[in-house]
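Peer 1: Okay, here's the structure, questions in a sec.
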Amino acid sequence: MTTDRSPVADSAHGEVPRDVTFVDASALVALADRDDVSHAAAVTAYRDLVGGGFRLFTTDLALAAAHELIAVALGQEVARSWLAHCNILVQRIAPADLEEGRRAIEEGWSAEGATLADTIHLAVLDRLGVTDVFAVDRAFLAMLG
Amino acid sequence: MAEQVGGLITVSDTAKLLGRSTEQVRRYLREGELPGRRLGGQWFIDRGDAEAFLLRRREGSDFERRLTYSDPDPLRDVIAIGGSGGGDIAAGRSSYLCSLAGDNLG
């Protein structure tokens, strides 16, 4: 459900505190969808993170992906309300993240089954020096190791 | 700022660009945080690499500041905001949408 990718906070990326967690689209959907198989576990994990003082953020890419899934699965009105009340910090994808993500896919050094969104997010995490991830997507979690 | 041939700049110029001491720049070089090359026993840094390093640091600082002032419980109002009837997002986006095909997607 959550994973710590590395114990190192890189000084070149600024002094990003350790208690920061990236929330991916799958976790956003699992929290919103009360009928999802992972909903209860996601809520427990979320409350643990918040209770533990973790600061949460997502990306514009993950936010858009989650909105699309919620719109299809839960309906446009719910998706509109979700977007209006979703108060999570959104970090923009940088051009360099896109380029690195593309290279990972095009040159075949990404994990098997990785999507472009996955590799872009790995680039974002590396750039920001963030090591903790909140996700429920098994393929993405497997990529993180 | 005294630029060298080929867009390379000295440790001193890099320190001015980054707003850091020359010793801190040498530490970034030694630790591989900042790419550089040694010519005649002296470090030189590609100006583009130094500017990219500066941009990364600024973005990191901005990110940290925004995190500090972010909502500590940002998703409280969107938990269980709707129901799919039985999705499984852990299996991936495609599976999640496929699992709904008989319901919401009609």
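Peer 1: Over what distance in Å are the Cα centres of the range B:21-76 and the range A:80-101 separated?
Peer 2: Computed from Cα coordinates, the inter-centre distance equals 22 Å.
Peer 1: Related question: Give the relative contact order (percent, whole number) for chain A; include only Cα pairs under 8 Å separated by 6+ residues.
Peer 2: Relative contact order, chain A: 41 percent.
Peer 1: Determine the shielding of peptide A:77-85 by partner chains: average, over its residues, the number of Cβ atoms on other chains within 10 angstrom of each Cβ.
Peer 2: 3
Peer 1: From the backbone phi of the range B:15-26, what are the Karplus-calculated ³J(HN,Hα) couplings (6.51 cos²θ - 1.76 cosθ + 1.60, θ = phi - 60°) in whole Hz, Gly and Pro given as x?
Peer 2: 4, 5, 4, 8, x, 10, 7, 5, 5, 5, 5, 4
Peer 1: Counting other Cβ atoms within 10 Å, keep those with at most 12, restrict to DSSP loop, and tell me which chymotrypsin sites (Phe, Trp or Tyr not before Pro) in the range A:41-145 are left.
Peer 2: Passing both the DSSP loop test and the Cβ count: A:109.
Peer 1: From the phi angles alone, apply the Karplus equation (6.51, -1.76, 1.60; θ = phi - 60°) to the range A:59-66 and give each ³J(HN,Hα) in whole Hz, x where the residue is Gly or Pro.
Peer 2: Going residue by residue, I get 10, 4, 5, 5, 4, 5, 5, 5 Hz, with x marking Gly and Pro.
Peer 1: Report the normalised scattering of the protein assembly as shown as log10 I(q)/I(0) at q = 0.07 Å⁻¹, calculated by the Debye formula with identical scatterers on the alpha carbons.
Peer 2: Values returned for q = 0.07 Å⁻¹ are -0.29.
Peer 1: DSSP beta bridges in chain A, what fraction antiparallel, as a percent rounded to 5?
Peer 2: 25
Peer 1: For chain B, divide the Cα radius of gyration by the Kirkwood radius and give the resulting Rg/Rh value with two decimals.
Peer 2: 1.36
Peer 1: Moving to a separate point now. If you take every DSSP beta bridge fully contained in the protein assembly as shown, what fraction is antiparallel? Give it as a percent rounded to 5.
Peer 2: Roughly 50 percent of the DSSP beta bridges within the protein assembly as shown come out antiparallel.
Peer 1: With the Cα gyration tensor of the range A:98-144 giving a ≥ b ≥ c as the square roots of its eigenvalues, does the rule (a/c under 1.5 for rounded; else a/b larger than b/c for prolate; else oblate) give rounded, prolate or oblate?
Peer 2: oblate
Peer 1: Can you classify the range A:47-111 as rounded, prolate or oblate using the Cα gyration tensor, where a ≥ b ≥ c are the square roots of its eigenvalues, rounded means a/c under 1.5, and otherwise it's prolate if a/b beats b/c and oblate if not?
Peer 2: Note, shape of the range A:47-111 comes out oblate.
Peer 1: Please report how far the C-alpha centroid of the range A:118-145 lies from that of the range A:29-58, rounded to the nearest whole angstrom.
Peer 2: About 16 Å separates the Cα centre of the range A:118-145 from the one of the range A:29-58.
Peer 1: By how many degrees, between 0 and 90 and to the nearest 10, does the Cα long axis of helix B:47-68 differ from the longest principal axis of chain B?
Peer 2: Its long axis makes an angle of about 40 degrees.
Peer 1: Jot down the per residue volume, in cubic angstrom and as a whole number, of the convex hull over the alpha-carbon atoms of chain A.
Peer 2: So the per-residue Cα hull volume is 114 Å³.
Peer 1: I'd like the Karplus ³J(HN,Hα) series for the range B:70-75: coefficients 6.51, -1.76, 1.60, θ = phi - 60°, whole numbers in Hz, and an x wherever there's a Gly or Pro.
Peer 2: Whole-Hz 3J(HN,Hα) from phi for the range B:70-75: 7, 4, x, 9, x, 10.
Peer 1: Just flag the trypsin sites (Lys or Arg not before Pro) in the range B:1-82 sitting in loop per DSSP whose Cβ has no more than 14 other Cβ atoms within 10 Å.
Peer 2: When the trypsin sites (Lys or Arg not before Pro) of the range B:1-82 are filtered for loop state and at most 14 Cβ neighbours within 10 Å, B:76 remain.
Peer 1: When ranked by the protection proxy of mean other Cβ atoms within 10 Å per residue, highest first, what sequence do the peptides A:89-98, B:81-90 form?
Peer 2: Final packing ranking: B:81-90, A:89-98.
Peer 1: Measure nothing fancy, just the Cα-based angle from helix A:76-85's long axis to the longest principal axis of chain A, in degrees from 0 to 90, nearest 10.
Peer 2: 60
Computed from the coordinates by the stated procedures, all read-outs in this text should not be read as laboratory data. On a predicted model such as this, the values are computed, not experimentally measured, just so you know. All Cβ positions, even for glycine, are placed from backbone atoms using ideal geometry, and neighbour counts span all protein chains on display.
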